[in-house]
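Have a look at the structure below, then the notes.
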């Protein structure tokens with residue numbers, strides 16, 4: 001019964017997302033694209049946070065890596081197509097993750113969080129200091145890339161591109177989480193010592209999870225810069241990273257789709273709050289309220305509510 | 001050549017002093033509460049703006065009281081920290097670290113926006129409290145910076161005495177070592193935590209107040225020092241106050257040398273040094289081996 005409720009809800013949401021551009025105004029379509037892009041990043045982070053039990057406060061660096069891959073390639077090499085830029089940014093983000101991961105995965109818990117945070121900040125500093133190469137704090141303007149020669153004309157066809165990539169990434173992450181590798185990283189999260197006794201290299205699993213997570217977040221970075229048209233060093237910074245962590249927890253990090261829900265809810269919340277003058281104040285307040293009153297996130301709350309409603313129906 | 005060396009040394013120690021004030025509070029709070037306190041950025045920036053408000057509000061005939069402004073604002077910041085710990089942090093001690101970090105970070109967002117609301121989004125500053133300089137071996141150095149170095153030393157010694165010689169300090173150390181056991185001995189652990197948070201926040205507030213005449217303040221300034229504080233405590237190993245003193249000295253010197261010779265990448269240099277040391281010794285210079 002509960003399963004059927006979830007399945008119906010999922011199908012309804014997917015139908016709304018597919019048919020959305022027909023009846024939503026273009027601003028909402030833009031926000032939906034933005035939300036789906038962040039959803040990719042949030043799902044990728046949850047592979048680390050929820051499944052491996054490592055909290056990264058430096059995932060902004062992969063958003064930045066993806067964004068600057070596009071921007072620098074356009075500026076210096078003149079590549080304008082997604083079919084080159086996407087694999088390239090995946091490679092670069094994965095390489096960055098491997099490099100940073102070599103330092104970070106030796107740490108756990110809070111140590112891991114702080115070291116990833118410091119690396120994100122390092123990239124931010126480098127990016128804003130080398131004005132000649134990266135445009136410094138001004139960032140780089142980016143034109144939206146083409147896909148196999150197809151030029152995106154409006155927000156709608158780009159939305160469908162984002163949506164299909166989101167589905168692809170979500171599916172890929174789902175497959176990874178449910179593969180033997182996925183089981184192994186969950187075992188690492190639950191009891192690293194026992195996994196070690198079983199003869200698996202804990203650090204290797206943490207590192208691979210970090211690399212996969214970074215690569216998917218890099219895809220989100222590419223799409224993000226294509227949507228906003230501007231690569232800025234702030235995307236490396238801790239504010240971006242904390243935002244992604246918040247999205248994950250807002251949706252609920254104990255469920256697979258929770259982070260995606262959290263990302264979309266966050267983007268709409270932000271768009272609604274931003275016209276207020278002090279939106280950061282309300283954002284901070286929202287974070288605190290969420291943590292104190294809704295520990296399972298939005299999806300966790302819905303699950304709880306659905307289970308309770310079902311019980312009431314039965315009795 | 002000698003002048004250059006002395007100058008680099010003094011600048012390094014000065015910077016190290018501020019970093020130590022920032023990270024000492026972080027270390028004490030982590031030791032007792034087991035929380036990495038992002039809200040420390042809020043304490044720092046509130047220290048700056050409270051000091052600014054006091055200095056602006058002081059009538060000219062009482063200008064000799066200017067010197068007490070950082071202390072008074074540190075006390076205010078400490079009390080605010082106490083309210084925050086009792087009102088909010090207390091609720092989430094048993095939760096995952098990621099939730100704790102998120103709550104303390106959320107408070108920083110709120111504080112930053114409140115400051116924007118009260119004092120505006122532009123940067124503020126006051127004139128130097130004293131423009132006197134000291135001539136040391138041909139190096140002319142501002143007296144105020146030397147005073148900050150002395151105050152830092154004072155705080156370091158005060159913390160040493162507090163932790164080694166007084167009952168409060170012993171209880172704090174005991175709580176950091178084994179909370180359950182301390183509770184069983186009849187110590188009010190909740191109050192120890194509250195006091196620790198008060199102390200830690202007050203030190204960060206003092207650091208902010210002292211830095212106001214040097215750097216001024218703007219919304220978000222706390223975050224920059226917070227991240228440097230994180231680098232220091234990651235280097236030192238979490239929870240070790242003496243380690244923080246040495247790590248702060250290392251980072252301060254690296255920064256000072258970096259500014260002199262590689263001004264483009266001075267900040268990057270700090271992070272690189274941190275990465276190198278953490279590769280050699282993952283638990284930090286003075287940290288216990290982290291639990292696997």
Quiz prompt | Which numbered condition residue A:271 misses (of (1) part of a helix (DSSP H, G or I); (2) away from chain B (no Cβ under 13 Å); (3) under 14 Å from residue A:44 (Cβ atoms)) | solution = (3)
Quiz item: Hey, any hits in the range A:231-244 for a residue that's buried (at least 24 other Cβ atoms within 10 Å of the Cβ) and closer than 23 Å to residue A:182 by Cα?
Solution: yes
Quiz prompt | Residues (more than 23 Å from residue A:293 (Cβ to Cβ) and part of a helix (DSSP H, G or I)) located in the range A:235-261 | solution = A:235, A:236, A:238, A:239, A:240, A:241
Self-check item: Sole residue being surrounded by 12 or more Cβ atoms within 10 Å (Cβ to Cβ) and in contact (Cβ under 8 Å) with a residue 60 or more places away in the chain, chosen from A:264, A:287
Solution: A:264
Quiz item: Out of (1) facing chain B (nearest Cβ under 9 Å); (2) not in a helix (DSSP H, G or I), what's the single condition that is false for residue A:199?
Solution: (1)
Quiz item: For the range B:128-159, how many residues meet the condition of being in contact with a helix residue (DSSP H, G or I) (Cβ under 8 Å, 6 or more places away or on another chain) and within 30 Å of residue B:190 (Cβ to Cβ)?
Solution: 3
Quiz item: Considering only the range A:92-106, how many residues are crowded, with 18+ Cβ neighbours inside 10 Å and in a helix (DSSP H, G or I)?
Solution: 9
Exercise. Inspect all residues belonging to the range B:255-264 and state whether any of them is more than 7 Å from chain A (Cβ to nearest Cβ), at pLDDT below 85 and buried (at least 18 other Cβ atoms within 10 Å of the Cβ).
Key: no
Practice problem: Report whether or not residue B:116 is buried (at least 17 other Cβ atoms within 10 Å of the Cβ) and out of contact with any strand residue (DSSP E or B) (no Cβ under 7 Å at 6 or more places or on another chain). | Solution: yes
Quiz item: If you go through the range A:95-131, how many residues are over 17 Å from residue A:60 (Cα atoms), without any contact (Cβ under 8 Å) to a residue 40 or more places away in the chain and more than 7 Å from chain B (Cβ to nearest Cβ)?
Solution: 2
Quiz item: Residues B:233, B:250: which one is closer than 25 Å to residue B:4 by Cα and buried (at least 20 other Cβ atoms within 10 Å of the Cβ)?
Solution: B:250
Quiz item: Has the range B:73-83 got any residue that is assigned to a helix (DSSP H, G or I) and at the interface with chain A (Cβ under 7 Å from one of its Cβ atoms)?
Solution: no
Quiz item: Do we have residue A:34 as closer than 16 Å to residue A:235 by Cα and part of a helix (DSSP H, G or I) here?
Solution: yes
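The values are calculated or read from the model by the stated rules, or taken from the named source; none is laboratory data. Every value quoted in this text rests on a predicted model; they were computed, and no experiment measured them. Counting neighbours? That spans all protein chains shown, and the Cβs are built from the backbone with ideal geometry, glycine included.
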